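Written below as structure tokens is the structure these notes are about.
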Amino acid sequence: MTGFRLTLTALAATALTLTAASAAAPAAAAQAGITDEVTMTLGKDGTLHVVEKIGGASGDLKRTFLTRTRYDDTSDRLYQIANVKGGTLSGDVLTVTGQTVEYDVKGAVTPSGDVDELRWFAVGGWNQPVTKATVHVTGPGQIQSLSCFAGELTSAVGCTSASMNHEATQADFEQDDLASGETLTVVVGYPEGVTGAAPILDRRFSLSAAFTLDAITGGALTGLLVLLLGGIGLLYWTRGRDARAAGHEGGPMAAVQNGHFTPPDGVRPGQIGTLVDEQADVIDVTATIVDLAVRGYLRIDEQPRQTYDAPDWMLVKLPSAPVDALLPYERALYDAVFEGRDHVLLSQLSGSFASHLGEVRDALYTDVVRQGWFARRPDTERTRWTTLGVVLIGVGLLATVALAWFTTYGLLGLAVVIAGGALATGGQYMPAKTAKGSAALAQTMRFRQYLFSGELGDVPEQHRVELFSRYLPYAVIFDGVEHWSRVVASVTGNGQRADNLYWYHGPAEWDLSKFAGSMRTFTTTTSGAISATRQFRSL
């Protein structure tokens, strides 16, 4: 019996031993990690040579170097790794292929007070825990100070131990149990100037730094703006100014001579409109439609309407009109309005009318060049300089980005953007009239003064309706349609019932007392219909 009990006791002891061993195995595995013995030698040129002996690694062993840290408010500090042996370096990641790794570090030394400070992340960034780390540091001079930090990169906790030998030529550091990703940072001070090294700095991008305004950047910005804007001003002075109309300055013109209507050099309202503002626009087309009616090519019939109906007009082709005598832009507009029809409502002008308006505009621009008023088409001249300005803005934006990213002179790029904007805007004023065009403009302005002077002149009363009707399209150009419509209405009928004008027919119960309101509404409606088309929408 006694032997049986002894046997049971032995079996129980054996089971407890096996259980304890099995429980201890995971704990031992949990404590597994590498050992890292690091030897660092600082050269007189500031290059740090590092040798690491690694033991206890399991599986792939990799280390991610920390190569960039914050230096100050504007710069980062860089550490450059080179001459790697015993592993392969891809970017900042070192893949270990042996038990010993060697590499050089540049940028690890920086002057700090009266010492040259060596700072390096001697152990850290491993993908496995470090159970034991030792670091030995030697350099070109006696050690003035030393310290170390362990844990997270920003940790202020000292390492397990830090010491130096009696001759102050070697510093020794130790640290136990660094978790994966934690760092052992060592800092060693040497006599000032012993290496002559300096930190490698990389400017950190910030808007405030990129667009620094100081004496240098402010002076450069001012000089560049003066140069660019002065150049644009000189360009306008030499290319964009109207030529002087020598010999054409004079007093008020007589628009009616010998009882006949005499516009400036016999030019048409559409031509005058393009000459004045250098644009073939909505009002020029509207005035031309009125002019074609006044000159007997078409008739405008105002349609009767109820109180809430939209106003409308019938444009009626007159069969006896000598259309072959029309100028190219007038013929283009005439064909666009009727297009084989004998009459058309203003509200129905769409489709082919819209597509032909581009031809009218082109013909107007070509006409003012043919007249000798411009050396080049005003629209082409505007497009050329505006496009150049937009290109300059693009160049300025690219220059601003590049200068802001790599330097602190981003403001200089903005100067180019400003100059491009000035050129793009000023391009609208670059079309320049010739001397002949300036003379025609001067005469046109005197004609405008006459229209608004209220002086009817010595025009026979029987001719006033026709002559003053001929003035009306020019009044449309000069934004005086309502004023001159009242003049037309006043020369016959005097507010009483009167027959229709030869070129404008109103509905029943209509007389000349309503003509001013009718013409105001007609020109507004016509301009609205034209401006709704693609060719004139931007105007």
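Here the contact order of segment 332-486, divided by its residue count and restricted to Cα pairs under 8 Å and six or more residues apart, works out to 19 percent. Rounded to whole Å, the principal axis extents of the Cα atoms in segment 117-194 read 36, 21, 19, largest first. Each peptide in 183-191, 432-440 receives the mean, over its residues, of other Cβ atoms within 10 Å, and ordering these scores from highest gives 183-191, 432-440. Each peptide in 120-130, 99-109, 322-332 receives the mean, over its residues, of other Cβ atoms within 10 Å, and ordering these scores from highest gives 120-130, 99-109, 322-332.
Across q = 0.10, 0.15, 0.20, 0.21 Å⁻¹, segment 336-462 modelled as identical point scatterers on its alpha-carbon atoms has Debye log10 I(q)/I(0) values of -0.65, -0.94, -1.04, -1.07, in the order of the q list.
Protection proxy ranking, highest mean first, for peptides 153-160, 64-71, 412-419: 412-419, 64-71, 153-160, where packing is the per-residue count of other beta-carbon atoms within 10 Å, averaged.
Karplus-based coupling profile of segment 395-402, in residue order and whole Hz: 4, x, 5, 4, 5, 4, 4, 5, with θ = phi - 60° in 6.51 cos²θ - 1.76 cosθ + 1.60 and x standing for Gly or Pro. For segment 361-416, what ratio Rg/Rh do Cα atoms give with a Kirkwood hydrodynamic radius? Over the Cα atoms of segment 361-416, Rg/Rh equals 1.36. Taking every alpha-carbon pair in segment 41-122 and binning the separations at 5 Å intervals from zero gives 3, 12, 24, 23, 17, 11, 7, 3, 1, 0 percent.
Once the Cβ-Cβ distance of residue 347 and residue 502 is raised to the sixth power relative to R0 = 25 Å, the FRET efficiency obtained is 0.55. Accessible surface for segment 298-349, divided over its residues, is 55 Å² per residue with a 1.4 Å probe. In order along segment 520-525, the Karplus-derived 3J(HN,Hα) couplings, from 6.51 cos²θ - 1.76 cosθ + 1.60 at θ = phi - 60°, round to 4, 5, 4, 5, 5, 5 Hz, and Gly and Pro are given as x. Cross-link check: pairs 317/436; 436/514; 317/433; 53/106 evaluated at a Cα-Cα cut-off of 30 Å; pairs beyond the cut-off: 317/436; 436/514; 317/433. Summed over the residues of segment 360-473 and divided among them, the accessible surface reaches 47 Å² per residue at a probe radius of 1.4 Å.
The values are calculated or read from the model by the stated rules, or taken from the named source; none is laboratory data. All of these numbers come straight from a predicted model, not from anything done at the bench. Neighbour counts are summed over all protein chains in view; Cβ atoms, including those assigned to glycine, are modelled from backbone coordinates with ideal geometry. Ligands, DNA and RNA are excluded from the accessible area calculation, which covers all protein heavy atoms including side chains. Shrake-Rupley method; radii C 1.70, N 1.55, O 1.52, S 1.80 Å.
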